[in-house]
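A short write-up of the structure that comes next.
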Amino acid sequence: MYSRLITPARIHPWGDEDLLEATEQDRARIVQAAPVRRLQQKTQVFPLDVKASVRSRLTHSLEVQETGRQISRRILAALPPGEVCEGAFINLVEMSCLLHDVGNPPFGHFGEQVMSQWLGDMLDPLYQQALAQPPSPQWAELRQDLQLFDGNAQSLRLVHSLHELNLTLGQLAALCKYPQQPQPGVSYGQHHGWSSKRGIFFSEQPLYRALGQSLGLAPGCRHPLVYIMEAADDISYCIADLEDAVDRRILTLGELLAALRGADQSDYMSTLLDDALASSRGFFPHFRQLLTRDLVALAAQSYVSEHGAILQGSYPQALLHGQAPAARVLDILKRVARELVFLRPEVEALELEGYAALRGVLSSYACLLALPAPQFARLLAGEGSQALFFARRLYHRLSARHLKAYRLAIATPDPRFACQHEQEWYYRVRLLLDYVSGMTDTYVLEEYRLLSGI
């Protein structure tokens, strides 16, 4: 089964690589990719923070990569010898971990909410300005796809459609945390787990279908290595967010300990906290080591025990789902972070600054979306008239890479679109979202100040 799921094949063939060589080539392409470098200027919890010890998205992703490697090695030790190429397995897991946040916009999940809110407010009026005609019946689907901006879906678009890394098929599929496509009007309960979340844009659906057909994945099913990446992320960020909050004095260690002891009086929690407090290395290094050890073992055990369903991509829950003591502590850490960190005035003040900057930049560039297609085509051809003097200057700030992807997407009619004019406008909106979501926290603030004359 793994021989089909982990393969040297690529969308665009690249020589006669063997499997290990192909995944090593993936590693080189990913590590050297510009979107990975940009992660160093995107903060994990505290936007616009300049303190060196606070985690950036890049340092967080490196921690996730290492945790993913540890889980992988435990899994491989439990699988029958020769079932899978171990080096390729570990390479794919490590690189999916390194890339797991690469599609996040400025200000992370808060930025996703800001972009979705702005799109919800502006898509319909901008559509009417640009197209000046009633929308097709398909527009409701396209509108929802554009409005619900998701960093996971953007990751696949970024590495394949925009940066054209031409990764192996298994590596691309291992990035897709939420391959399911929820339908409008359908209510999904918590028992659906990851399958209730959307994670593939309309623009990348043909790519994901091709991946599924080549790798033998049923529609809406995960690649098995996604489960490992998800577990590694959960393990890493839950501990790190609280450590950064204490380091930044958002809360004290005493407040954290009181919250943890109050939430769980079990022997496991007490032993974990007491051992960490007694360590000469300091509380967080020892706490992280002890809890990570147990969570890594639990994730690997879950993967092996549910191996059949995971290989099919149909296992409905996360590897760390359940009532094991370590899993309960992980859930408590998430809840404590929400209650004691993310709702603090200091954190919300930083987010308000990000809110103003992100909405301001989107609103400034909205004039490019309001243009009728013939006028935008004149900008593409370098023929902007005096009436387009402001739009032309904004257009010149767009990335050449993003413009190339836009031109390619509209070059030929796509039969999936009911109207060709909606195809053009859909990808023009994607062009703006690609550009803005790729900005770092500091760059979007600088761009806002520039466009606002501040």
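Taken together, the values in this text are just the output of simple stated rules run on the coordinates, not laboratory data. Values in this document were obtained by computation on a predicted structure and should not be read as measured data. So basically every Cβ, Gly included, is an ideal-geometry build from the backbone, and we count neighbours across all protein chains shown.
Quick look at the values:
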| quantity | calculated |
| --- | --- |
| Computed over the chain: relative contact order in percent, which uses C-alpha pairs under 8 Å that are six or more apart | 22 |
| Computed label-point distance, nm, for sites Leu148 and Ala297 using a 7 Å Cα→Cβ extension | 3.9 |
| Label-reachable residues, region 238-274, where backbone N falls under 15 Å from a point 7 Å from Arg338's Cα toward its Cβ | 238 |
| Sites Phe389 and Gln133 - FRET efficiency at Förster radius 35 Å, r taken between beta-carbons, to 0.05 | 0.85 |
| Geometric extent, Cα atoms of region 228-344 - Rg, Dmax (angstrom) | 15.0, 46 |
| Estimated vicinal HN-Hα couplings, Hz - region 236-253 in sequence order (Karplus 6.51, -1.76, 1.60; Gly, Pro = x) | 6, 6, 5, 7, 5, 4, 6, 4, 5, 5, 5, 4, 8, 6, 6, 9, 8, 4 |
| Length added when fully stretched, Gln420-Glu141, from 0.36 nm per residue minus Cα-Cα | 98.9 nm |
| Estimated vicinal HN-Hα couplings, Hz - region 158-170 in sequence order (Karplus 6.51, -1.76, 1.60; Gly, Pro = x) | 5, 6, 9, 6, 9, 8, 6, 6, 6, 6, 4, 4, x |
| In nm, spacing of pseudo-spin labels at Ala218 and Gln117 (7 Å Cα→C-beta vector) | 4.0 |
| Angle in degrees between helix 205-215 and the longest Cα principal axis of the chain, rounded to the nearest 10 | 50 |
| In region 227-318, the trypsin sites (Lys or Arg not before Pro) that fall in loop regions by DSSP, at most 15 other Cβ within 10 Å | Arg249, Arg281 |
| Label of the coordinate-derived value, volume of the Cα convex hull per residue in Å³, listed as (i) 152; (ii) 171; (iii) 130 | (i) |
